[in-house]
Amino acid sequence: MIRLLWRLLGIIGIVRGVLRAAHPPRDEDDGVDPSRRELVATPRSEHALAVLLIAGGLVLTAFGVLIALDADPRVLGGVLGIGLALLAAAAIVGGLRVVAQEVAVEERPAMGDQAARAQLADDLGRGVEGVSRRRLIIAAAGVAGTGLAAAAALPVTALGPAPRDLDASRWRAGVLLVDEDDAPLSADDLEVGSFVTAFPSGADKRELGSPVVVVRVDPATLALPAARRGWAPDGLLAYSKICTHAGCAVSLFRHPLYEPASGPPALVCPCHYSTFDVRRAAEVTLGPAGRPLPQLPLRVDGQRRIVAAGPLSGSVGPAWWGTRRL
Amino acid sequence: MSDRHRTAKRVLALVLGSVALWGLGAPPAAAPARNPAVGAGARAASRSADAFDGRALYVDECASCHGPDARGVSGRGPSLRGVGSAAIDFYLSTGRMPLERPGIEPTRTEPLNDERGRANLIAYLTGLDARGTPIPIVHPQRGDLPRGRRLFADACSGCHQIAAKGGVDPEITAPPLEDATPTQIAEAIRVGPYLMPRFGPRVLDEHDVDSIARYVTTFGRHPLNRGGWGIGNIGPIPEGLVAWLLAGGLLVLVARVIGERST
Amino acid sequence: MSSRDTRRTDPVAFLDERLNVAGPLRKTLRYVFPGHWSFLLGEMALYAFVVLVATGTFLAFFFEPSSAQTTWHGPYAPLDGVQVSRAYGSALDLSFTVPGGLLMRQTHHWAALVFLVAITLHLLRVAFTGAFRKPRELTFAVGVTLLMLAVVEGYVGYSLLDDLLSGMGLAIGYSTALSIPGVGGALGTLIWDGPFPGGPALEPRLYILHVFILPASIAALISAHLFMIVRTRHTQFRGPGRRERNVVGVPLWPGYALRSLGWLLAVSAVLVLLGGLVQINPVWQWGPFEPWLGENGAQPDWYLGWLIGALRLMPNWEITAFGHAIVPNPFFGGVIFPEAVFGFLYALPWLDRVVFTRESEAHHLLDRPRDNPRRTGVLAAALILVATVFFFGSADRVFLSLSIPYELQLWLFRAFVLMGPIVAYSVTRRSCLALRRAGAHPLRDVDAELIAPRAAGESQPVGGP
């Protein structure tokens, strides 16, 4: 009884109680007609609208002048933004305080019309009336469609070369290490705790297989696997600079001045913080990289220049299906 | 009533968010006045420095970790013999030493010793062993800006971030360089303090160091904010905060003016 | 006045006699929009897109999508006389010498960020109120596709400029493409025109994607989205006189047209003000990209934060066999995770039908989140999962500013990824039930108290037959 009374009074929210929520909505008619129409314009609101429009127009004109004068971007943005904001305020004032305020009720179109559907099916059917070998024709059209799709899609393969040499690298035994300015690196350039980026002499520096990071650590602390014992003359180590996780440049070298108070020397990639222990052949100690950085065996020649003693120990850069040397 | 209250709360949240953002982008403390040939002062002081006073300071401030004879204490602090004046000056002038207790990450603080005290300590320690890197002399104005920028991107930005705002190692943090003097920059390059690698004169020559110092002390740590408020110059994180809190917050408020607030 | 005069001056008559539009136009002007403010979020995305097209058109007149090298000269001393790509050089020119160029660049970038903020807010509103239910499943699927296209469009735009950040982002994108089992290598070289950093065709490809293929697709799908909305009319919250069969709201003319125009102008104003006053992506500061360069704290734009978070959060698992990398690590965070999230979104209408509500009626009246505790709980769990991964993407900056060690955060976030959604589900579900019992909205307290006893005795709150 009370509920009925409240409904009739049209109190806000009466139809949205817990009961409603429990039952997915039935289309109950609460008898409320929410439509209304009010004329709200006052001289004040109309003047405000006019002022906003004029002010906005003037400010936007000023923007036109300022851009011709090549004003500072901050001034340009400020002026254009204020002009637009004034017009926004004008439209909002106009919409809420000047034009008639109306709440209307529109009947929703019924979704789906069974009679029309039946008719549609009928019309579609009539289109192929008298055709007897439908299956054959449908199968043949399927063949045609497949061919067409293939003909449309296959030119995509022209976009790029076959992925054969994604891990190609110019590093071979005897290739000289040079710095970014093409100057050969000398074994005496690096002190313990130094790092430089080096490239194969004469190669394209931008190839992923090119950049290596050369670091020097105390040779007594090296813990390379037995097979790599001769790869680090005087504690000089070289690893591919391209992270084996996601291809970023491994551009952090952490080298402790006083090791007991901090961790061992490590190379770190700043993208996802994969951390590689340089003394242990770039073993991964933190982060998402799945394998060590490939190592470049080094030797020092008669002129104290640093030379590659062989190719990189594994595939350069991010892994893919065809990665062979992990 | 309650709507207005809620709107007020949201405005407050927006303001607080903006203040937090402002904190991110707060302009660095005014850079200390640059001295053209920095380091000269320290050297001048060291000429008249008193190793005896230095020894007193050493016993007071350093000996507990580095040992009474500066040969180090196992597990507490390394030997200071032959480390060179660059390292000593760097650690003392940036307030990184003396450390509160051994083992913690040394960070930049107000230096404990004034210039004279530092000179005395250097005189004492270099008197024990004169080897090591001396305090480098830097002439930032002789540096080449584009070269400095490129070298900084090559060798420094991996840790310190390209606008010298600092970064992560990720075991420790690499400090922002907003207060580093040209001499301290050169000292750090040569010495490789804490976990930083070091770069000898054959990797980065004097002109390279001048160039890096010039880039860091100009455009590096005072980036050109031609586009307005720099929001910290660290890129997409503050940009995302502005997009969500400032633009999103403001526009939701406008939407609530345009639209109905209750259903 | 003679009838000839009337014809000459009356544009409606002019058009109607040629296009027969007066009838449809009249109906259009009476089209009713529900007034609740949250219905403006989708429009906010639309208007951000308008700003993107306008500013992007300006930028396209100046930007050169070429990786050919050139020596840049301009008023920024650290890059004056430096070898850069034409793409990067023209972005510098836009920032320093083209009048209004930096304002347009920055407004464009802010508009991209806000476009995705608006889509996200709109998606949350639609998801938590059950607006995706029949008959709007297709509208919803188109909307989710729009979100995906917008993310890709943003990434491609960010990558075009060939600065340090865009190069690092492309390296990660390339590695993620490569990580797809079987086809990854071919896909990577197809897109990049060869191995990373890519061949000379990469820039033009990114460009045509960014200025034509993707925006045209987005525009087409926006049209489809709006067409579908008009066919079904808008949903609406429940309220007096609001029924399944009607729409209550403001007619297009004049009230809604002015409101919407004001909204377009307000969105534009905020974006232009940000574009002028708050710096975004200062490309001169990042410098040109080379594959051997990296920067600490490099980040993608916010809408890819969940992917950098996933890549960082993932343990270093990799599936290898016979010396081949069968499933490289970036596949988990960079492919499976986003695919799972988008798969969940696409499946949401179906999940709702078979799991949350177990009914397949058409609905035009919206639920409040509390009305369907199970749906709201699952959505909250999904949101917490994505948000956790997202926030881990900035753990390095948190370490730097708040001194919480990175590795500690790594383990905490990993634990939270597993625990957070479960906790979120149960807390949210319980809160919904409690809210429903209490009817916490102040205006509806009386109502709730009156009805609650009957409801409790009468039926299961959710998922009943």
Next on the checklist: Report the Cα-based extents of chain A along its three principal axes, largest first, to the nearest Å.
Outcome noted: 99, 75, 57
Next on the checklist: Ratio of alpha-carbon Rg to the 2.2 N^0.38 Å globular estimate for the range B:113-174, to two decimals, please.
Outcome noted: 1.59
Checklist entry - Per-residue HN-Hα couplings for the range C:316-327, Karplus 6.51 cos²θ - 1.76 cosθ + 1.60 at θ = phi - 60°, whole Hz, x for Gly and Pro? => result 7, 6, 8, 9, 10, 8, 6, x, 10, 7, 6, 10
Item to check | Built amide H within the under 5 Å cut-off of A:L252, gap 5+ | outcome: A:V268
Checklist entry - P(r) of the range A:218-262 in 10 Å steps, Cα pairs, percent per bin? => result 20, 39, 40, 1
Item to check | the range A:56-137: GluC sites (Glu not before Pro) falling in loop per DSSP and having at most 12 other Cβ within 10 Å | outcome: A:E129
Item to check | Cβ-placed point charges (K, R +1; D, E -1), dipole of the protein assembly as shown about Cα centre in debye, nearest 20 | outcome: 2940 debye
Item to check | Unit charges at the beta carbon, dipole of the protein assembly as shown: most positive-side option, A:V214, C:L379, A:P260 | outcome: C:L379
Item to check | the range C:332-399 - convex hull of the alpha-carbon atoms, volume per residue in Å³ | outcome: 113 Å³
Checklist entry - What are the ³J(HN,Hα) values, in whole Hz, obtained from phi via the Karplus relation 6.51 cos²θ - 1.76 cosθ + 1.60 with θ = phi - 60°, for each residue of the range C:197-210 in sequence order, with x given for Gly and Pro? => result x, x, x, x, 7, 4, 4, x, 5, 4, 5, 5, 4, 6
Checklist entry - So how do C:208-216, C:18-26 stack up, highest first, on mean other-Cβ count within 10 Å? => result C:208-216, C:18-26
Item to check | Cα-derived Rg to Rh of the range C:203-307, Kirkwood definition | outcome: 1.12
Next on the checklist: Show me, bin by bin at 20 Å from 0, the whole-percent P(r) of chain C based on Cα pairs.
Outcome noted: 19, 48, 27, 5, 0
Item to check | Residue exposure sequence - C:D367, A:D70 - by fewest surrounding Cβ within 10 Å | outcome: A:D70, C:D367
Item to check | Cβ-placed point charges (K, R +1; D, E -1), dipole of the range A:89-133 about Cα centre in debye, nearest 20 | outcome: 180 debye
Next on the checklist: Given axes a ≥ b ≥ c from the Cα gyration tensor, I'd like to know whether the range C:351-436 is rounded (a/c under 1.5), prolate (a/b larger than b/c) or oblate.
Outcome noted: prolate
Next on the checklist: Using Cβ contacts closer than 10 Å as the measure, can you line up C:L311, B:L250 from fewest to most?
Outcome noted: B:L250, C:L311
Checklist entry - Is the shape of the range A:222-326 best called rounded, prolate or oblate, per the rule: a/c under 1.5 gives rounded, else a/b larger than b/c gives prolate, else oblate, with a ≥ b ≥ c the square roots of the Cα gyration tensor eigenvalues? => result oblate
Next on the checklist: Can you compute 3J(HN,Hα) from phi for each residue in the range C:27-44, using the Karplus curve 6.51 cos²θ - 1.76 cosθ + 1.60 with θ = phi - 60°, rounded to whole Hz and x for Gly and Pro?
Outcome noted: 4, 4, 5, 8, 4, 9, 10, x, x, 4, 4, 5, 6, 7, 5, x, 5, 4
Checklist entry - Per residue of chain A, what 222 nm ellipticity follows from adding -39500 (n - 2.57) for every DSSP H run with n ≥ 4, rounded to the nearest 500? => result -9500 deg cm²/dmol
Next on the checklist: Can you tell me which aspartates and glutamates have their Cα less than 20 Å from the Cα of C:K27? Leave out same-chain residues fewer than eight positions away.
Outcome noted: A:E102, A:E106, A:E107, C:D10, C:D16, C:E17
Checklist entry - When the scattering of the range C:1-118 is computed by the Debye formula from its Cα atoms alone, each counted once and equally, what is log10 I(q)/I(0) at q = 0.12 Å⁻¹? => result -0.71
Checklist entry - Along the charge dipole of the protein assembly as shown, Cβ charges K/R +1 and D/E -1, which of A:M111, C:L304, C:V389 sits furthest on the positive end? => result A:M111
Checklist entry - Two-decimal Rg/Rh of the range B:127-263 from alpha-carbon positions, Kirkwood Rh? => result 1.21
Next on the checklist: Please arrange B:V254, A:V40 by how many other C-beta atoms lie within 10 Å of their C-beta, fewest to most.
Outcome noted: A:V40, B:V254
Checklist outcome for this item: Isolated cysteines for the protein assembly as shown, Cβ-Cβ cutoff 4.7 Å, are B:C62, B:C65, B:C156, B:C159, C:C432
Item to check | Cα-based equivalent ellipsoid of the protein assembly as shown: semi-axis lengths in Å, sorted from largest, via gyration tensor | outcome: 60, 34, 30
Checklist entry - Using +1 on the beta carbon of Lys and Arg, -1 on that of Asp and Glu, and nothing else charged, what's the dipole of chain C about the Cα centre, debye to 20? => result 2340 debye
Checklist entry - Which one of C:P215, A:V79, B:S64 is farthest out on the positive end of the charge dipole of the protein assembly as shown, using unit charges on Cβ (Lys, Arg +1; Asp, Glu -1) and the Cα centre as origin? => result C:P215
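Read-outs throughout are calculated quantities, based only on the coordinates presented, and are distinct from any laboratory measurement. If you're wondering where the values come from, they're calculated on a predicted model, not measured in any experiment. Don't worry about glycine lacking a Cβ; one is built from the backbone with ideal geometry, like all the others, and counts go over all protein chains shown.
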